[in-house]
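Enquirer: Mind having a look at this structure? Questions to follow.
Rule-based calculations on the coordinates, nothing more; no lab input. The model shown is predicted, which means the values in this text are computed figures rather than measured ones. Because the Cβ atoms are built from the backbone with ideal geometry, glycine has one as well, and the counts that use them run over all protein chains shown.
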């Protein structure tokens with residue numbers, strides 16, 4: 001298998017297909033053996049701002065805790081350098097420590 005990229009100034013690809021971004025942009029990643037396969041990779045800048053609301057929350061619960069009722073709702077919004085909301089951003093949620101709280105995606 002031979003891997004290649006259409007623009008090494010945007011992204012490089014090693015002999016096992018691991019792609020390393022170098023700049024924002026779009027590249028074609030190609031794998032060639034007896035046949036050729038291509039994929040388009042779009043590299044975007046990380047949003048400069050990310051706001052999670054509420055910034056602090058407290059839950060008062062009865063024991064045993066009922067995970068269907070004892071919940072808190074959080075929201076996230078990504079913003080650009082001038083504070084405008086960036087639509088379509090996918091968020092990954094987590095909790096730490098996971099023994100105290102879990103997060104539904």
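Enquirer: Pick the calculated Rg and Dmax of the Cα atoms in Å for this structure from (1) 17.7, 54; (2) 21.0, 64; (3) 20.1, 70?
Expert: Computed from these coordinates, Rg and Dmax of the Cα atoms in Å corresponds to label (2).
Enquirer: What is the extension gain from residue 14 to residue 101, computed as 0.36 nm multiplied by their sequence separation minus the C-alpha to C-alpha distance, in nm to one decimal?
Expert: 27.4 nm
Enquirer: Counting other C-beta atoms within 10 Å, which of 8, 30 has the fewest, and how do the rest follow?
Expert: Sorted ascending by nearby Cβ count, the order is 8, 30.
Enquirer: Working out 0.36 nm times the residue gap between residue 4 and residue 34, then minus their Cα-Cα distance, what length gain in nm do you get to one decimal?
Expert: 9.3 nm
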